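Everything on this sheet refers to the single structure shown next.
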Amino acid sequence: MRKIVIAGNWKMFKTQREASEFLQKFMPELENTPEEREVLLCAPFTALGILSKSLHNSRVQLGAQNVHWEDEGAYTGEISGSMLTEVGVRYVIVGHSERRQYFGETDETVNQRLLAAQRHSLTPILCVGETKQQRDAGDTELLITTQLKKDLVEVDQQNLVIAYEPIWAIGTGDTCEATEANRVIGLIRSQLKVPDVPIQYGGSVKPNNIDEIMAQPEIDGALVGGASLEPASFARIVNYQ
Ligand code: PGA
């Protein structure tokens, strides 16, 4: 049985106070959420400590949005795996398109970060996906398979989540058709050694499209940006029908 993983990616949103306020409204909404759904919040570094305390012994797991490949060192602005695990982080997003686009992340650094995450017993969420230009040029399949090949060198697929995030669908309100997301996710699965890696869809997931997305047989969850910032909206997504 493949695991269902619904993750909020808060990006550079929410102070500690805002994170606490979110939880106060969000947690009561999870009373009837089926146990087998893994729910996680990938928060900014400064909110991790307070979230970890509040989420202790709860059903919500904590995730971060980046991890460095070295265990420590002179890497101004970066964060190590042990710094994350010490505050109770269990998952970490790696290779998000915003990191690739704005911060010079390459398939090589993505691979190094994936390996470092696993070395520290964190479960990485690897993001892959094509730009509009690549899609229009018919390069989606080639791009995805190339990213997977380079990013997953020596990565343990037993401890991994993948998110298919078409870049043109992120933050645009322009969701990928559920059946098309299902097709690409099937392609991703065909490239893996371990067939039951959970593969999420990400890109303008909202309360009004989550049911259709989760009805697709290949899709094992969602990576949710904008719609994870508001408690009622993320709760509706987690409680998809
Ligand atoms: P979005 O972001 O849901 O706001 O489109 C998704 C993501 O970037 O992970």
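None of the figures in this text is laboratory data; all of them are computed from the coordinates on show. Keep in mind the model is a prediction, meaning the values are calculated, not measured. Cβ placement follows ideal geometry from the backbone for every residue including glycine, while neighbour counts extend to all protein chains displayed.
What the table below lists for this structure:
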{"read-out": "Selection within the stretch 220-241 - away from the ligand (no atom under 13 Å from the Cβ), surrounded by fewer than 22 Cβ atoms within 10 Å (Cβ to Cβ) and part of a loop (DSSP other than H, G, I, E, B)", "value": "ASN239, TYR240, GLN241"}
{"read-out": "Check on SER54, among the hydroxyl-bearing types (Ser, Thr, Tyr) and under 26 Å from GLU165 (Cα atoms)", "value": "no"}
{"read-out": "In the stretch 96-108, the residues that are in contact with a strand residue (DSSP E or B) (Cβ under 9 Å, 6 or more places away or on another chain), part of a helix (DSSP H, G or I) and away from the ligand (no atom under 12 Å from the Cβ)", "value": "none"}
{"read-out": "Those residues of the stretch 70-89 which are within 20 Å of the chain's Cα centre (by Cα) and not in a helix (DSSP H, G or I), in sequence order", "value": "GLU78, ILE79, SER80, VAL87, GLY88, VAL89"}
{"read-out": "Answer residue from the stretch 196-213, given it is touching a residue at least 40 places away in the same chain (Cβ under 8 Å) and not β-branched (Val, Ile, Thr) and is farthest from the ligand (Cβ to nearest atom) among those", "value": "ASP196"}
{"read-out": "Candidates ILE93, ILE6, ILE79, ILE50, filtered to the one that is closer than 28 Å to ILE199 by Cβ, more than 15 Å from the ligand (Cβ to nearest atom) and surrounded by 13 or more Cβ atoms within 10 Å (Cβ to Cβ)", "value": "ILE79"}
{"read-out": "Exclusive hit being more than 22 Å from ILE219 (Cβ to Cβ), more than 16 Å from the ligand (Cβ to nearest atom) and of a type outside the set (Val, Ile, Thr), set GLN118, GLN191, GLN157", "value": "GLN118"}
